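The values are calculated or read from the model by the stated rules, or taken from the named source; none is laboratory data. Worth saying up front: this structure is predicted, and the values here are computed from it rather than measured. Methodologically, a virtual Cβ is constructed for each residue, glycine included, from the backbone with ideal geometry; neighbour enumeration extends over all protein chains shown.
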Amino acid sequence: MPGVDQSISILLNQIIHESHLLALSGGFPLQVSLDYGTISPMRRWFFFFLSIAIGFGLGLYYGWVINPVKYIDITPAALREDYRTDYVLMVAEAFQADSDLDLAVRRLAVFGETPPGEVVRQAMIFAARAPYADSDQILLSQLASALQAWNPGASPP
């Protein structure tokens, strides 16, 4: 019956054209037809920012709930050389503020078997190579000088 086949074909073409959805063939989508000219610019911006917000929310959910960061206790000895130097510089600044050499030595003890004087010497070498401020280099040299006179068995006065 050519009339029925033709009317079904016309009806299907109207449905596809009017709804701007999927053209179906055997139940599988073939093509998406969207007319972006009929969507207002405000509505496009709304959906754009809505998509960004949903993606941001899903990313936070994934990072905080599904696969959060696992914190591992590490020492400053595992840091890169520039961060180790920054750590030693912070110890030198704390030493300048409180003049407690034993505390400074305990803070430098996190570097393991390396003697505190050697840790400061390595930091001074890196600070000279990677141009740290002169005031920072002076702090490191003051800590190194104090460590040269340090006697680990002596009790504080």
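What the table below lists for this structure:
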| quantity | calculated |
| --- | --- |
| Residue match in the stretch 60-73 (condition: surrounded by 10 or more Cβ atoms within 10 Å (Cβ to Cβ), of a type outside the set (Phe, Trp, Tyr) and modelled with pLDDT of 65 or more) | yes |
| Filtered residues of the stretch 85-101 (kept if among the polar types (S, T, N, Q) and either in a loop (DSSP other than H, G, I, E, B) or surrounded by fewer than 21 Cβ atoms within 10 Å (Cβ to Cβ) (or both)) | Gln96, Ser99 |
| Sole residue being part of a helix (DSSP H, G or I) and either over 30 Å from Met124 (Cβ atoms) or modelled with pLDDT of 90 or more (or both), chosen from Leu30, Leu12, Leu34, Leu24 | Leu12 |
